[in-house]
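Q: Handing you a structure now.
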Amino acid sequence: MINLKYVIYNSLLIATCSITLHASQLSDDALKGKELFNKANCKKCHIVDGEFDKMNQKVQNIKNLASWVSACDNSLQIGWFPEEQEKVTKYLNETHYKLEK
């Protein structure tokens, strides 16, 4: 008989290790971008059913992604500096889009 507590514990442990490993693989700029993304509550619009919404793959290259980040910043009056927009762009690219630079 399978011990359900053991299965749940191990599943959570593996998930935690996976998240920790993923976060440690981000560049310093991307980690700062993640903080900015979270602080601005970007998840409110860009997380759907627990998954990042890539806006139906409208983003085709890194320059286009940077334009989307800038548009969100401007339309929502977040107030990021250009270098902060770059960090958010790096975060999104390193974690979700994986576009060539």
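The values are calculated or read from the model by the stated rules, or taken from the named source; none is laboratory data. Predicted, not measured: the structure shown is a model, and the values here were computed from it. Please note: Cβ atoms are built from the backbone with ideal geometry, for glycine as well, and neighbour counts cover all protein chains shown.
Q: Filter region 44-97 down to residues that are under 13 Å from K32 (Cβ atoms) and among the hydrophobic types (A, V, I, L, M, F, W, C) and give me whichever is farthest from the chain's Cα centre (by Cα).
A: Checked region 44-97; the qualifying residue farthest from the chain's Cα centre (by Cα) is F81.
Q: On to the next question. Please find, within region 28-56, the residue that is modelled with the lowest pLDDT out of those that are hydrophobic (A, V, I, L, M, F, W, C), more than 17 Å from E86 (Cα to Cα) and assigned to a helix (DSSP H, G or I).
A: M55
Q: Right, next: Report the residue count in region 57-89 for those that are farther than 23 Å from E100 by Cβ and outside any helix (DSSP H, G or I).
A: Here the count works out to 6.
Q: Further question: Looking at C17 and the list (1) modelled with pLDDT under 60; (2) of a type outside the set (S, T, N, Q); (3) not in a helix (DSSP H, G or I), which single condition is not satisfied?
A: Here C17 clears every test but (3).
Q: Looking only at region 73-87, how many residues end up being at pLDDT below 95 and surrounded by 16 or more Cβ atoms within 10 Å (Cβ to Cβ)?
A: Qualifying residue count, region 73-87: 0.
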